[in-house]
Amino acid sequence: MSDYEQMEIDVRLESEKDLKTNVGKVIKFFYDKRRMEAEESGWPLKQVKSKHEGYGIAAEAFSKIGAKQKALKRGMDDYLALLQVKGEDGVSICGDIYSQALELAMEAIGMAADATRILNDLYYGYDSRTPIEQAIAEMSAQEAQEGGEFEEAEETQGEDEKGDGGPQEKAEGYDPDGNPEES
């Protein structure tokens, strides 16, 4: 039983995988943008110094999400109440639901960015380089790992290739138009 391995199959649709990847990129972008704007304004974000401070930041973001979720629930209740009523009121309520869901998603992304800040400050450390500087550093590290520049190969003849008129030398004198070279 020691060679037993638990495996997991990812059965999500490609669109779901892409959405998760793209939302992750949006969160990272929002986190970097928020930090950069705070530094440019002269009020850089303070470093999170303890788990308690981190919890306070997360709790504040969670309360904002709760408020947006309640607004979305009210919109859904209004939509349910209008199902029996004829008219275009349902369309405007559905537009409100869209707006409320968008605001909820924005708050959720903000909370994820706050969680990223907490993780970076308390556990991982923050890389203050710009994305371009990070990309240049990654390319330099990759080139160093691969050995830098490519080296040109030298032409050599092995022990078996003495230039004795073998197939290689005969092929070099071949003329596709049918006029063999004079030797």
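The values are calculated or read from the model by the stated rules, or taken from the named source; none is laboratory data. From a predicted model like this one, the values you see are computed outputs, not experimental measurements. Because the Cβ atoms are built from the backbone with ideal geometry, glycine has one as well, and the counts that use them run over all protein chains shown. Ligands, DNA and RNA are stripped out before the accessible areas are found, and what is left, the full protein with its side chains, is counted by its heavy atoms. Shrake-Rupley method; radii C 1.70, N 1.55, O 1.52, S 1.80 Å.
For Leu45, the criteria (1) open to solvent by less than 80 Å² (accessible area, probe 1.4 Å); (2) at pLDDT below 85; (3) assigned to a loop (DSSP other than H, G, I, E, B) hold in every case but one, which is (2). Within region 49-85, the set of residues being among the hydroxyl-bearing types (Ser, Thr, Tyr) and outside any helix (DSSP H, G or I) comprises Ser50 only.
Among residues of region 117-131 being open to solvent by less than 80 Å² (accessible area, probe 1.4 Å) and of a type in the set (Ser, Thr, Tyr), the one that is modelled with the lowest pLDDT is Tyr126. The condition of being open to solvent by 100 Å² or more (accessible area, probe 1.4 Å), within 29 Å of Leu122 (Cα to Cα) and out of contact with any Asp or Glu (no Cβ under 8 Å at 6 or more places or on another chain) holds for only one of Lys25, Lys33, that being Lys25.
Note on region 48-87: among residues that are basic (Lys, Arg) and farther than 11 Å from Asp114 by Cβ, the one that is surrounded by the fewest Cβ atoms within 10 Å (Cβ to Cβ) is Lys86. The set of residues in region 11-22 that are part of a helix (DSSP H, G or I) and either surrounded by fewer than 12 Cβ atoms within 10 Å (Cβ to Cβ) or β-branched (Val, Ile, Thr) (or both) comprises Glu14, Ser15, Glu16, Lys17, Asp18, Lys20, Thr21, Asn22.
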